[in-house]
Amino acid sequence: MEQLGLGFDSGGATAVAYSPSLSDAVDQLSTVSEADARGAVFTRAEVVDFILDLVGYTDDQPLYTKRLLEPSFGGGAFLLPAVRRLLSAWKRFRPSSPTPEELGESLLAVELHGETYRDTRGETIRLLEREGMKPGEAEALADRWLSQGDFLLAPLSGRFDFVVGNPPYVRQEMIPAPLLSEYRRRFRTLYDRADLYIPFIERSLSLLTKGGVLGFICSDRWMKNRYGGPLRSFVASKYRLKIYVDMTDVGAFHSDVSAYPAITVIGREPSGATRVAYRPEIDRETLTSLASEFRSPGLPKNSGSVREITGVTSGAEPWLLEPSDRTDLIRCLEENFPSLEEAGCSVGIGVATGADKAFIGEYDALDVEPDRKLPLVTTKDIVSGEVRWLGRGIVNPFADGGGLVDLKAYPRLGRYLEERRDVIARRHCAQKFPDNWYRTIDRITPSLAWRPKLLIPDIKGEAHIVYEQGELYPHHNLYYVTSDEWELRALQAVLLSAISRLFVTTYSTKMRGGYLRFQAQYLRRIRIPRWSEVSGVLRKELTEAAITRDIDACNDATLRLFGLNGEERATLGVNGAQ
């Protein structure tokens, strides 16, 4: 028998039936004890007040006539300061015999975790009593304001003028399967590997009044990466990105976080310019002054902290929120030059096996037929900037024409795989297709090994582009670039240059320690001229610069290749002769 649970539709309150398995999944999350498992990260008080200021939730206006939503109130980091502001405004604007009942619709806050809900409810009641309310009034008001449940499923009536908070950062692997399936059914932005804060943003925006404002602090990954595409498109369709503040490495939380945080203020209003600031000092005086700059009708001419950028949101395209001079240069290059693949280059990633210990070993020790193994290149082989092969190899179960080989035709390969069958067959791809249990996740195409290619590790502090002359097959921790048009050594120089770094730093998500993600999706963003348009002199200079790994020479030749002037060179942080 199904249990009747409450869900929502299009931001409203609608009762829907869902199964006991879904109820059990919600109950499971509501009792998780570890803060990390439920995405609980606590925001510093100065940052909370900063966000409340940015969205305009200030006590110089009658806040009790507005509605505020906190979708995941946790320990009350946002809730309690918001209550203080609400009460202050209420007393200021309603001095003649105000009654607590007037505040009943002014605030709604939701929390899933049961113990946290109870603790924060108690804190809220005590705050109301300190502000002069009778115990019964305080308890009744707290119960009207606070709700225990799953924000993504809970019925919520009406709309809100303000939504603020720090939505939970929970990876999909931590969400019970029935609940994840229901979330995917309800939220179109829960795409690919999106974390839980993505549907939190979608639903919160859907609940805004016309002119309403959302102010969240959370990871900024969705603003550029693949899984954020649907949410970016959702924002671009009928909202305005009003404010962006990069909060990387400034200590915005009471604990260290691996995600790169940003404050994002989005309004339900026509699109317009976005005001941005980068890594402010976390002290009240600085943040109060910065909030005033952000909210001023006209940006002060002498503002050294806040900049204004236009055209940030455009469908699902990544948001470019870097300083305007760098964004302008990116746009200019994109308008005037083809992408890497349009210019005749191909970008790919090496082979994933799902069981490296079974498929990979010392090349000479792999006891299979000679044509059933390939020499393998990994990041360890290219740490010096040149290929220094360490002798590893990979077993190839694929026939040259496609499909898996018949193991009866390759007895040594068959014996090798059977000896490791327990490990290989446990993989998801093997369980899904039992007859093909011995395939690697990615198909192996031996001809790739014999093609000259540029090898690029995923995560690096600087561009690490290594030329491989066509002897090794790339592992899945390496991206590669091949081309039938560009001479690869010349292309290597371009990819080692400040131009390529500009594209990767602009479009990629940030990593701890300043590392960059040199993934295929970002490499494909790089613009280059067509090889036929490169002069003989520059072809030679680019090639020589790459062979000698002279980065200054790579930069100089590449910037002349693009025809950049002194100002544009300065934007890239590159000087020198033109």
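The values are calculated or read from the model by the stated rules, or taken from the named source; none is laboratory data. The structure presented is a predicted model; accordingly, all values stated were derived computationally and were not measured. Quick reminder, even Gly has a Cβ in these numbers, built from the backbone with ideal geometry, and neighbours come from all protein chains shown. The area values use the complete protein model at the heavy-atom level, side chains included, leaving out ligands, DNA and RNA. Shrake-Rupley method; radii C 1.70, N 1.55, O 1.52, S 1.80 Å.
Which of the numbered conditions does SER305 fail, given that it passes all the others? Conditions: (1) closer than 17 Å to ASP246 by Cβ; (2) among the polar types (S, T, N, Q); (3) touching a strand residue (DSSP E or B) at 6+ places or on another chain (Cβ under 9 Å); (4) outside any loop (DSSP other than H, G, I, E, B).
Result: SER305 fails condition (4) only.
Without any contact (Cβ under 8 Å) to a residue 24 or more places away in the chain and either of a type in the set (D, E, K, R) or out of contact with any Phe, Trp or Tyr (no Cβ under 6 Å at 6 or more places or on another chain) (or both): which single residue out of ASP406, ASP458 fits that description?
Selected residue: ASP406, the only one of ASP406, ASP458 that is without any contact (Cβ under 8 Å) to a residue 24 or more places away in the chain and either of a type in the set (D, E, K, R) or out of contact with any Phe, Trp or Tyr (no Cβ under 6 Å at 6 or more places or on another chain) (or both).
Conditions (1) over 20 Å from LEU63 (Cβ atoms); (2) in contact (Cβ under 8 Å) with a residue 60 or more places away in the chain; (3) open to solvent by 10 Å² or more (accessible area, probe 1.4 Å); (4) more than 24 Å from the chain's Cα centre (by Cα), marked per residue:
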position: PHE160; (1), (2), (3), (4): no, yes, no, yes
position: ARG171; (1), (2), (3), (4): yes, no, yes, no
position: GLY215; (1), (2), (3), (4): no, yes, no, no
position: ASN225; (1), (2), (3), (4): yes, yes, yes, no
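Residues of the stretch 173-184 being without any contact (Cβ under 8 Å) to a residue 40 or more places away in the chain and either of a type outside the set (A, V, I, L, M) or surrounded by 18 or more Cβ atoms within 10 Å (Cβ to Cβ) (or both), which ones?
If the condition is that a residue be without any contact (Cβ under 8 Å) to a residue 40 or more places away in the chain and either of a type outside the set (A, V, I, L, M) or surrounded by 18 or more Cβ atoms within 10 Å (Cβ to Cβ) (or both), then GLU173, SER181, TYR183, ARG184 are the ones that fit.
With the requirement that a residue be of a type in the set (Ser, Thr, Tyr) and modelled with pLDDT under 95, what does the stretch 98-115 give you?
Listed by number, the list holds a single entry, THR99.
Quick grid of which residues meet (1) farther than 30 Å from ALA520 by Cα; (2) among the hydrophobic types (A, V, I, L, M, F, W, C); (3) open to solvent by less than 10 Å² (accessible area, probe 1.4 Å):
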{"residue": "ARG268", "(1), (2), (3)": "yes, no, no"}
{"residue": "TYR278", "(1), (2), (3)": "no, no, no"}
{"residue": "GLU281", "(1), (2), (3)": "yes, no, no"}
{"residue": "PRO297", "(1), (2), (3)": "yes, no, no"}
{"residue": "ILE349", "(1), (2), (3)": "no, yes, no"}
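Mind listing whichever residues of the stretch 129-150 are surrounded by 20 or more Cβ atoms within 10 Å (Cβ to Cβ) and under 19 Å from LEU69 (Cβ atoms)?
LEU141, ALA142, TRP145, LEU146, ASP150
Just a yes or no: is a residue in the stretch 185-203 aliphatic (A, V, I, L, M), open to solvent by 10 Å² or more (accessible area, probe 1.4 Å) and touching a strand residue (DSSP E or B) at 6+ places or on another chain (Cβ under 8 Å)?
No; the residues of the stretch 185-203 include none that is aliphatic (A, V, I, L, M), open to solvent by 10 Å² or more (accessible area, probe 1.4 Å) and touching a strand residue (DSSP E or B) at 6+ places or on another chain (Cβ under 8 Å).
Please find, among GLU485, GLU468, the residue that is of a type in the set (D, E, K, R), within 30 Å of PRO529 (Cβ to Cβ), touching a residue at least 40 places away in the same chain (Cβ under 8 Å) and loosely packed, with under 15 Cβ neighbours inside 10 Å.
That would be GLU485, the only listed residue that is of a type in the set (D, E, K, R), within 30 Å of PRO529 (Cβ to Cβ), touching a residue at least 40 places away in the same chain (Cβ under 8 Å) and loosely packed, with under 15 Cβ neighbours inside 10 Å.
Those residues that are surrounded by fewer than 19 Cβ atoms within 10 Å (Cβ to Cβ) and under 17 Å from GLY212 (Cα atoms), I need them from the stretch 60-85; list them, please.
Correct list: GLN61, PRO62, THR65.
Conditions tested, residue by residue: (1) exposed (fewer than 15 other Cβ atoms within 10 Å of the Cβ); (2) farther than 25 Å from THR189 by Cα.
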position	(1), (2)
SER237	yes, no
ILE263	no, no
ALA291	no, yes
VAL312	no, no
CYS332	yes, yes
SER339	no, yes
